[in-house]
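Report on the following structure.
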Amino acid sequence: MSAVDSPSLPPTVSFSHIHLYVDSMETLETYKALEAKLNNFSGVAASIVKDADAKCLERDVKYGREQWVSASADFNEDTPYISQNRDLVKQLIAGLGFRVTGQYKCFDSHTLLVTSQDEIGVQYVITQRATSSSSNKKQKSDGSTSPNNSTSASSTKYKHFNSTTMNRFFDAHIQRPGISVLAFEVSGDNGVGVDGIHNNYLAKHPKLIVDGVQSYDEADGTTKKVFEAFAYYKGADGKETDDGTILRFIEVVGRKSADDR
């Protein structure tokens with residue numbers, strides 16, 4: 001019998017994060033102050049029980065509301081609730097109990113990482129385009145910024161945080177914010193990593209490729225390989241790509257532990 005080549009194994013892929021581009025965000029300090037306020041209130045709320053011996057615990061809502069109002073200097077009873085144009089980061093913090101666990105600032109943008117309590121749980125990467133007051137800065141090698149009078153997209157290390165990438169998304173969404181990327185982490189342990197996915201796109205869907213594989217050397221000694229492809233074609237003929245949504249594949253090379261995010 002002639003030898004038969006074994007089919008290549010598919011890459012090991014797990015969900016990583018959702019990346020959103022937004023119109024505006026507050027400062028990190030503002031969100032951390034909200035987190036502290038909610039943490040303090042959760043301790044108070046846990047003790048507000050009408051009858052601790054009851055089989056079904058009943059919270060004293062009236063007293064709890066009084067405590068919340070007293071802790072909120074800017075609370076206004078007459079302010080109407082408007083569901084549009086809410087602060088996404090505040091909603092994730094207050095509504096779902098998420099917390100801001102990372103920040104990245106560069107010339108073009110300001111990004112926050114908002115995650116659930118589970119170390120391998122949900123991750124939201126939320127990026128705001130730099131405003132005129134914050135964009136006139138130059139990125140240092142450590143990711144921090146310093147004043148600068150020149151403008152250059154090359155000052156942004158990661159392509160997914162630069163102005164060209166964000167403008168493409170906003171142009172595709174008539175300048176409205178939203179989900180830009182569904183990201184997946186790829187393990188190259190079986191020899192089929194980000195490069196293998198890239199090669200597959202080259203063979204079957206070359207039009208969907210955003211860029212080639214990008215490699216970023218990190219301070220922890222690892223290298224992050226990133227490949228992005230548009231998720232959809234525009235129209236049934238497949239002649240044009242829909243620039244509105246991207247699939248991002250990330251492979252971390254040189255990581256000591258597989259459990260280390």
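The values are calculated or read from the model by the stated rules, or taken from the named source; none is laboratory data. All values reported here derive from a predicted model rather than from experimental measurement. Neighbour counts run over all protein chains shown; Cβ positions are idealised from the backbone, glycine included.
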If we take the stretch 201-253, then strands (runs of 3 or more DSSP E) inside it with 1 or more residues that are of a type outside the set (D, E, K, R) and farther than 15 Å from LYS159 by Cβ are 223-234, 240-253
Would a scan of the stretch 156-179 turn up a residue that is touching a Leu at 6+ places or on another chain (Cβ under 7 Å), farther than 24 Å from ASP108 by Cα and outside any helix (DSSP H, G or I)?
no
Selection status of ALA71, on the phi < 0 side of the Ramachandran plot, at pLDDT below 85 and buried (at least 17 other Cβ atoms within 10 Å of the Cβ):
no
Kindly provide the set of residues from the stretch 10-48 that are touching a Ser or Thr at 6+ places or on another chain (Cβ under 9 Å) and in a helix (DSSP H, G or I), ordered by number.
LYS37
Suppose we filter VAL210, VAL194 for residues that are out of contact with any Gly (no Cβ under 9 Å at 6 or more places or on another chain), under 23 Å from CYS106 (Cβ atoms) and either at pLDDT 90 or above or not assigned by TED's automatic domain parsing to the domain that holds LEU20 (or both); which single one remains?
VAL210
Output for the stretch 70-97, where each listed residue is β-branched (Val, Ile, Thr) and in a loop (DSSP other than H, G, I, E, B)
THR79, ILE82
Taking the conditions exactly as written (over 21 Å from HIS19 (Cα atoms) and out of contact with any Pro (no Cβ under 6 Å at 6 or more places or on another chain)), does GLY178 satisfy them or not?
no
Take the residues in the stretch 81-112 that are in contact (Cβ under 8 Å) with a residue 40 or more places away in the chain and hydroxyl-bearing (Ser, Thr, Tyr), then tell me which one is farthest from ARG168 (Cα to Cα).
TYR104
Can we say ARG176 is modelled with pLDDT under 95 and either among the basic types (Lys, Arg) or over 25 Å from GLN103 (Cβ atoms) (or both)?
yes
